[in-house]
Structure formats: C-alpha cells, structure tokens
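Scroll down for the structure; my scribbles are underneath it.
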Amino acid sequence: MAKNSIGRHPVGHPKPNSVKHILEMAVEMAGDKLAYRYRGIGEGVVDVTYNEFQNDTFYLGTALNSLGFARGHIGCAAENSYNWIVVYLTALKSEGVFCPIDKELPDTDLINIIDGGDDEVVFCDKKREDAMRRIRESIPKVKAFVCFDREEDDGEFLSFKKLMAKGKELYDAGDRSYCDMKTKDMNALKMLIFTSGTTGLAKGVMLSEHNIISLVHYGLGLATIREVGLSVLPYHHSYEAVAGILVAIHNKSTLCINDSLKRVVKNLALYKPQYMYVVPALLEVVYRRMNASIEEKGKTKTIKLAIKLSRFLRAIGIDARRKIFKELHAALGGNLEKIVCGGAPLRPEIADFYEDIGILVTNGYGITECSPLVSVNTDFINDPKTVGLPMACVDVRIDAPNEDGEGEICVKGDIVMLGYYKMPEATAEVFTEDGYFRTGDYGTINKIGQISITGRKKNIIILGNGKNIYPEELEAYIGSIPYVLENIVYGLRGEDGQEDSLAVQCVLDPEYMKSGDIASLQATLKHDIFEKLKVLPTYKQINNVFIREIPFVKTTTNKIRRAKDGSPM
C-alpha cells in the first residue's frame, strides 16, 4: 500500500463544499476576469466573464426548474461549446443529475445510454437533433429536447436561446427557486458517465458531488495549472469535464474553447494559452508534425545541437530554452508552458522532447471510476516513465504483486465512484472486500510513491512457458519507430490453444507506404522492430509482423478497440 505523503494541498484554493461553491468563490474573487473565450459566428472571439457565466447558469437553471427538470436526469449530447459548459454547471448546481453523452455514438448506443440513464431532458446541437428525431420512439422517458442551434420551439424540440430568455425573464422578476437550491446529500449521485471502454458494454459510472469536489481540490494540490488554457478534449469525457473545466474554475483560469481538432494549431496562435490538457495521441501528432517540419527545413542537426547546448546551460543554472527554441514556441502560440497528459500511456521520449525545448509535460493516470484522476507528475517531481504521485485523498496499493512488484492497482478514497448505475453485480466485482476499487491496470509503485503502469489486466498475454507479456510495453517501443503511426501486439495460439508466440499489426505513415512494395516494407519493418526490442528478453521478441492497410477500430476517445482475446478488431 502507498499513501501519498508528498502531495501538497492547493495554496490559495480553499476546499469547496459543493460545485456551486466552486463557482461562487471564483465570482467573488475574480468576477470580472474572463472565464471563457470562444469563436462566435464568423471569426470573431466572444469573451465571457465569471460574473456573466454565473448569470447564464442562473437563467438556464431557473428556466429548467420552471419546466420541472431541475431535479431529474439532464443529458447533453453535443460538440464542445460554451453552451455545453453552461448546461454542465447548471445541472451540477441543481438538485438533479448531469449525464454527459458521447456525441459520436451510433443510434443504438445513444438509445442504451439515454434510456438506461433515465434522462428526462436532453440538450443537443443540430447534428444530434437529427439523431434524436430518429430514435425518439425508443427513448420514451425523455420529456423534452433543448437544441443549441434552434431559433424557435418545435413541439418537444425547444430553442436553447428562447429557454435562456425565458429563464432571464423569470430570474429578473425575482424567481430564485433555482438559485436557492442546495445539495441535500453530498454522497448521492450527481454525475452519471457511461464509459467507452475498449471492450465490453458501456457501464454507467456514478459519481457523487463529494467525489467531484475532492478531485478538483486535491487535483490542484498536485497538478498546478496556469492562467490561460486551451480546452481541446471532448467534454463528455470525465478527464476534461472534471479535471479540465472544474479545475479551471477553481483556479480562476481563463479557458479558451477549441472548436475543432483541425484548428488546434490556429487556435494556439489565436488564444496563446499557457497550458493544455491532452491525450498522448494528440501530443504525438504535434510532435511528429514539428519533427517533420524541422526535417523539411533541414534543421534536424541544428535542433539536436541546440538541445545539447540547452542541456549544458541548464546544468550550470542557465535556462535559455524559450530563447533558443523561439521558433518552435511560436508555432505553439508562444506562451505554452505546460501540458498535462493522461488517458493512455505516453512515450517518455516525447515528454523529453518537449522538456528539452522548454515545455513541461506532466503525465498522469486515472480512470472514470476515480473521477477520473488518481495520480499525476508535478512541476517539481516529474518522471515521464511514471504517472506520478497519488493525490493526497487516496490510498493506492498493488494487489498480489509478483517478484518484480507488479500487480493490479487498487484505489480507495474520496474520488472512488459510488458504483455502476443499476448494476450491483458489476459493482461488486470491481471492489475488494475491504473497499478498494480494482482498476484493471497493472503496475508498480517506487520508493517515493510514484506509480508506473505496466499494462491492462485484460490485455495480458500469458505464454505457454508461463511468462506474462504486457503488450503496452512492446507497443511503446514499436511506436517510437518514426513511420509507425499505430500498432497492436497480441498473442498467437498454437494447436494446443495456448498463446505460444507474439504478433504485431502496424499502421504505417501513408507517405512512407509509397516508398516501396508491401514485401520490402514488411522486411524493413521487421528489422526495425527487432532493433527496438533487442534490449528486451528473448521471450518478448516478436516474429510475426504484419502491415495493416486499414485503420484500427477505435472508441470515440481514440483508443484502439481490442477483441476479447486482445487481438485487433
């Protein structure tokens, strides 16, 4: 067991007693400060202060309460937007339950989540409005839809704009029924998030308000953020919704809303943020593009020499990275200081590259069932080979460790979920007898308490000789080959039905694919994989190498789906 004794309590951030209190403190301390910036109609940027944002939640909450929805389940299926955040905070401050819905789900999954989540009102944008009309007969519990892009009401499909106007009218006339709402039970269900796991059916993770505010408070005790952030990740995901949006409010930061992944670079230049929350896939895309640009300009040797010079200067106490790599910083907006990375394993060499040019990358670990953050590297103790220190409000232990100290990571504390919605048997399966949540991830804990992730329990390959292989370890090595975009390592079964050898399928860079025929490319790939893996024991070597010409099947959070036997789908 490891309890984090190094984690610090947030300086200047009093512990909130509710989500409502988080916003109230921000308004009291920084009411006129910009809370959000986003692109409006055309290319103009809209600025919203904390005072204005709080008023918008008052208007929407008052309107919802007048319709009888402020104590029920409130769903939202839409692209990232300011309106999404208004709905989110309004619902969290109500006596109801917020249910974020993955906007990319097919109709059958939308039905399962909306109906299974007991949603009574659903907010959506134009694209999702069309989907809601298609599935309307299959979600009878929904009493109304509120559409962000609709100018007029259309029966049960209501205009968000008109609903806000109605709420303002009621609020200005003295209606304080919503504003006076208070949390009756901090340990009751407050947010219902359906997982988008890489295998199996989605389960509704039940988070309480106590879970949420504990994550916000203790998260800031480790993962300090800056004044201006760029919000990129999908809002329906707990990583961005809780650790991103709510932490930014508690820190009184300005959050700039990225309107499209295709415009990340343009929005970096527009908003000039100081920090971002990302997943490794996005960080790697930017890393590859920067290196491709460096190579195209013939500056590869220059950058390598500059990195050596920068490291030497830092060793004698001189940090000139932002000056030396001014051009690279300009490509990222010029002010980017920190990137918080989570959601999947991060290759250490990528974090090292950003560190070398003067941008701190802190890798963290979490799971939706833990609100979602368990541990994170800090500004002061940062080892990209680990996922950092646990938050001060949790106990983390390694269950049934092997001779190398590897075992299942189990978590107990304020951020652990209430359970799975209407699934008592599934809930019981993931908790130990003494109340620890089984994450399904394998890892180790070092002497100072940092956690390292070895791999997913369900992905472990057990060879006929009894050796355990964590495919994620091999995938990280193979992923460092420049032209390999994605790869999946899995076991091949022999005639006896046991996994007796390893295989890998790789998706290669389309431009690289043009450089030769499949046979020659496969031979080169096999050679390069051998070179990468030769530092590992013989039983971890891969002889079966395949080039995959179609993308892997992925979840909507861009994680590759595996079949039940661990192979690609």
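Here, each number is a calculation from the coordinates, and none is a lab measurement. Bear in mind the structure is a predicted one, so any value in this text is a computation, not a measurement. Glycine also receives a Cβ, built like all others from the backbone with ideal geometry; neighbour counts cover every protein chain displayed.
Quick notes on this structure:
- 48 Å tail of the calculated P(r), the chain, as % of Cα pairs: 12
- Positive dipole terminus of the chain, leading residue within I303, G31, V553 (C-beta point charges): I303
- For the stretch 446-455, 3J(HN,Hα) computed residue by residue from phi via the Karplus equation (6.51, -1.76, 1.60; θ = phi - 60°) reads 8, 5, 9, x, 6, 9, 10, 8, 8, x Hz, glycine and proline entered as x.
- Sorted peptide list for 170-183, 245-258, criterion being average Cβ within 10 angstrom, highest first: 245-258, 170-183
- Panel order for E95, E79, by other beta carbons found within 10 Å of each beta carbon, from fewest to most: E95, E79.
- Computed E for T432/D404 - FRET, C-beta separation, R0 30 angstrom, nearest 0.05: 0.90
- As a proxy for reagent exposure, S208, S520 were ordered by neighbouring Cβ count within 10 angstrom, fewest first; the result is S520, S208.
- Across the stretch 302-367, Cα-Cα distances exceeding 19 Å account for 36% of all pairs.
- The relative contact order of the stretch 467-547 comes to 32 percent, based on Cα pairs under 8 Å that sit 6 or more residues apart.
- Beta bridge orientation in the stretch 467-547: antiparallel %, DSSP, nearest 5: 70
- Student exercise, the chain dipole from Lys, Arg, Asp, Glu Cβ charges, in Debye to nearest 20: 1500
- Modelled this way, with points 7 Å down the Cα-to-C-beta line, the labels at R176 and E104 are 4.5 nm from one another.
- Isotropically averaged projected area of the stretch 424-527, using the convex hull of Cα atoms (one quarter of hull area), nm²: 11.1
- Under 5 Å between amide hydrogens, built in the peptide plane, is the criterion, and for R456 it picks out Y442, E472 among residues at least 5 positions away or on other chains.
- Averaged over residues, the count of other Cβ atoms within 10 Å places the peptides 297-303, 387-393, 125-131 in the sequence 387-393, 125-131, 297-303, highest first.
- Listed values for the stretch 249-257 are Karplus-derived 3J(HN,Hα) couplings in whole Hz (6.51 cos²θ - 1.76 cosθ + 1.60, θ = phi - 60°), namely 5, 5, 8, 6, 8, 9, 9, 9, 8, and x replaces Gly and Pro.
- Rounded to 5, the percent of DSSP beta bridges in the chain classed as antiparallel: 55
- Length gained on full extension, K262 to K326: 20.7 nm, using 0.36 nm per residue less the C-alpha separation.
- Fully extended contour minus Cα-Cα distance, from E473 to N17, at 0.36 nm per residue: 160.0 nm
- Translational diffusion coefficient (Stokes-Einstein; Kirkwood radius from C-alpha pairs) of the stretch 245-361 at 20 °C, 1.002 mPa s, in µm²/s: 141
- Percent of Cα pairs in the stretch 310-415 per distance bin of 5 Å, from zero to the largest separation: 2, 11, 17, 18, 18, 12, 8, 7, 6, 1.
- Enclosing the Cα atoms of the stretch 154-287 in their convex hull gives a volume equal to 202 cubic angstrom per residue.
- Contact order for the chain, expressed relative to its length and based on alpha carbon pairs under 8 Å spaced 6+ residues apart, stands at 13 percent.
- Both radii are taken from the alpha-carbon atoms of the stretch 467-547; with Rh as the Kirkwood radius, Rg/Rh is 0.98.
- Binned Cα-Cα distance frequencies in the stretch 11-148 - 5 Å width, integer %: 2, 10, 18, 20, 18, 14, 10, 6, 2, 0, 0
- Evaluated with a Cβ-only charge set (Lys, Arg +1; Asp, Glu -1), the stretch 39-104 carries a dipole of roughly 240 debye about its Cα centre, given to the nearest 20.
- For G419, the residues whose amide H sits under 5 Å from its own are M206, ignoring neighbours fewer than 5 places away on the same chain, with H placed 1.01 Å from N.
- Separation of the K559 and L536 label points, Cα + 7 Å toward Cβ, nm: 2.0
- For the peptides 478-488, 32-42, residues were scored by their other Cβ atoms within 10 Å and the scores averaged per peptide; the highest-first order is 478-488, 32-42.
- Calculated from backbone phi, Karplus (6.51, -1.76, 1.60) coupling profile of the stretch 64-77 in Hz, x at Gly/Pro: 4, 5, 5, 9, x, 9, 7, 10, x, 8, 10, x, 8, 10
- Furthest towards positive pole of dipole, L502, P537, Y470, structure part the stretch 467-547, Cβ charges: P537
- As a length-normalised measure over Cα pairs under 8 Å and 6 or more apart, the relative contact order of the stretch 93-188 settles at 27 percent.
- Projecting the Cα positions of V265, A243, N211 onto the charge dipole of the stretch 195-330 (unit charges on Cβ atoms of Lys, Arg, Asp and Glu, taken about the Cα centre) puts V265 furthest along the positive direction.
- Built amide H within the under 5 Å cut-off of L485, gap 5+: V507, L508, D509
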